[in-house]
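In what follows, a single structure is set out as structure tokens and then discussed.
Read-outs throughout are calculated quantities, based only on the coordinates presented, and are distinct from any laboratory measurement. These numbers come from a predicted model, not from an experiment. Please note: Cβ atoms are built from the backbone with ideal geometry, for glycine as well, and neighbour counts cover all protein chains shown.
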Amino acid sequence: MGQVIIINDDKKYAQFIKSGISSVAQKEVIISASATDAIEQIKNIEQIDLIISKYSIKKEPSFKILNRYLLKESRIVNLFILEHADIELPSYAYQISDFKDPKKVINACLREMGLKLYDESKNSKDGFKKINVKFLNHIKIAPCDIFIRILKAKTKDQYIKRVHKGDIIDRQLIDRYSSNNIQYLFVGSKNHQLLIRCIYAQFSMILSRNTISLERRVKVTEDSYSFCLEQISEHNFNLATVNLTNSIINSLKKSIIQVSNKKKTIELIKLLINDTDSFRYKHTHMISLFSASIINNSKWGNREQILKLIQVAFFHDLTLTEDKYALIESEEELNLSNFHNDEKQLILNHAHESSKLAGKFPNLSTGVSLIIKQHHGKQNGIGFSDSLNVNMISKLALVFIIAEKFTCNFLKKLESGNKVKFPILIQELRSEYPTRTIQVIIDSLMKSFK
Ligand SMILES: [Fe+2]
Ligand SMILES: [Fe+2]
């Protein structure tokens, strides 16, 4: 078993990081108040997984001392530097920019060791678990008491009951919390599963309705999508996550079927732009829409293929846990980013990993897993391809790639504050992909905006 060394003279901060790491990782964590002390201990330790050190401690140039020692002894150990380092760091050293938030430091360390992230609510010893406020917004009656947490600097956090079991959930109260940036409310640990089951049931019920407006469908599908991704990452595919995934895919399909002409297409696009927050959701729904448009306008397409591409849209970035990762579209963008090494690996391998994870979904249509693997143009699902080899990738995968490229170009243009004109976007796409096969796919996409 490897060990973790924390070099920090702030005892409270170091202790917090130590308990965060050891609550998840089976590692011995040692705290030293200086690099000089730490080196004395390191000499007797055979395997060190990670060192987390301040750049300097009082007058000691801690990083420099440590680095000199490690180089002299030829010990290559991952080294996290807290604080700004004003020199070029060796390849095994990383600077943590968010070092003031110890939770971010803990998560960066756990990621480096390939472990699941530290979840504050899971480790809380006070018996409460968090629940995202936006999921509560869809429940009518509270199945248990719901609390707000008051963070206290010196004493234990305080939990104040805001909704009683059996009460009708006050939407205005929830909206007020959301607009005040309160992301989580809390329930007693024993009631957490009850509330989760209640959210599952409520989402599935609303999504299955045929009569809800497009606006409401978009909002509920977005929230259930976020909830479902959280649950899949925690429990993989079980009965509940499989059922909800099916309901979301069906709801995406229903929203696209509701869109029968150019006017309705624009209405759905506007709802997705204005009423949804998550990039991953927005782009999943738009890719589904544009893929369906291409297939509907092509000579060879059928409904079964539309369902396949909606499944691809749902699963293709499944292992990318945050919007910022899903925004990366090329190796060049990835190299220019400030992501940490393990985050870069996550992004590079996501097509392959998402395809593997989707393969566990029991209702996956034939061929979907392969399209997920190829969705950045690489056959093995690792990395991004700058050019598309149309002979090596299936036609359906090409449709998906073009629908995603069009979606991302569109959303990036919007984000930069530029006015979006579809004919210009189409023209740009044409120049990007001059091959005949792709031009035919773009012809089909263009028909939706005529
Ligand atoms: Fe994507
Ligand atoms: Fe992707």
Given bins 10 angstrom wide, list per bin the percent of all Cα-Cα distances in region 125-190, short to long. 21, 56, 21, 2
Going by amide H atoms built from the backbone, whose H comes under 5 Å of the H on Leu50, apart from near neighbours? Gln3, Ile5
Helix 422-432 versus the longest principal axis of the chain: what is the Cα-based angle in degrees, 0 to 90, to the nearest 10? 70 degrees
Using the Karplus equation 6.51 cos²θ - 1.76 cosθ + 1.60 (θ = phi - 60°), what ³J(HN,Hα) coupling, rounded to whole Hz, does each residue of region 317-325 give in order, writing x for Gly and Pro? 10, 3, 8, 8, 7, 9, 4, 4, 6
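Below 8 Å, C-alpha to C-alpha, sequence gap of six or more: please give me the relative contact order for region 316-448 in percent. Don't skip to the end; give the middle numbers.
Details: 121 pairs, mean separation 24.3, N = 133.
Relative contact order here is 18 percent.
Considering every pair of different Cα atoms, what Kirkwood radius, in Å, is found for region 383-445? Don't jump to the answer; show the numbers that get you there.
Values: mean 1/r = 0.0809 Å⁻¹.
Result for region 383-445 stands at 12.4 Å.
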Tell me which trypsin sites (Lys or Arg not before Pro) from region 294-338 have a DSSP coil assignment and no more than 12 other beta carbons within 10 Å of their own. Lys299
Among the listed pairs Lys395/Lys447; Lys11/Lys59; Lys165/Lys254; Lys134/Lys373; Lys270/Lys421, give every one whose C-alpha distance is greater than 23 Å. Lys165/Lys254; Lys134/Lys373
Could you run the Karplus curve 6.51 cos²θ - 1.76 cosθ + 1.60 with θ = phi - 60° over region 387-397 and give me ³J(HN,Hα) per residue in whole Hz, x for Gly and Pro? 10, 9, 8, 5, 7, 9, 10, 5, 4, 5, 5
For Lys378, other-chain or 5+-apart residues with amide H closer than 5 Å (H placed, Pro excluded) are Ser385
So for the chain: antiparallel DSSP bridges make up what percent, rounded to the nearest 5? 40 percent
Acute angle (nearest 10 degrees) that the helix 102-112 long axis makes with the longest principal axis of the chain, alpha-carbon atoms: 80 degrees
Using θ = phi - 60° and the Karplus curve 6.51 cos²θ - 1.76 cosθ + 1.60, what whole-Hz ³J(HN,Hα) does each residue of region 46-62 get, with Gly and Pro shown as x? 6, 10, 10, 7, 6, 10, 10, 10, 6, 5, 9, 10, 6, 8, 7, x, 3
Give a quick list of GluC sites (Glu not before Pro) in region 241-325 that DSSP marks as loop, anything other than H, G, I, E or B, with at most 15 other Cβ atoms within 10 Å. Glu322
Determine by what factor the alpha-carbon radius of gyration of the chain differs from 2.2 N^0.38 Å, reporting the quotient. 1.11
Sequence gap at least 6, Cα distance under 8 Å: using those rules, report the relative contact order of region 125-190 to the nearest whole percent. 49 percent
Within straight-line cross-link reach of Lys344, aspartates and glutamates at Cα separation under 16 Å, skipping those fewer than 8 residues along the same chain: Glu112, Asp317, Glu322, Asp323, Glu329, Glu331, Glu332, Glu333, Glu353
Using only the alpha-carbon atoms, how far is helix 239-258 inclined from the longest principal axis of the chain? Give it as 0 to 90 degrees, nearest 10. 40 degrees
If packing is taken as the average count of other Cβ atoms within 10 Å, what order do 33-44, 195-206 fall into, highest mean first? 195-206, 33-44
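For the chain, calculate the relative contact order in percent as a whole number, restricting contacts to Cα pairs under 8 Å that are 6 or more residues apart.
Numbers: 599 pairs, mean separation 40.0, N = 450.
After rounding, I find 9 percent.
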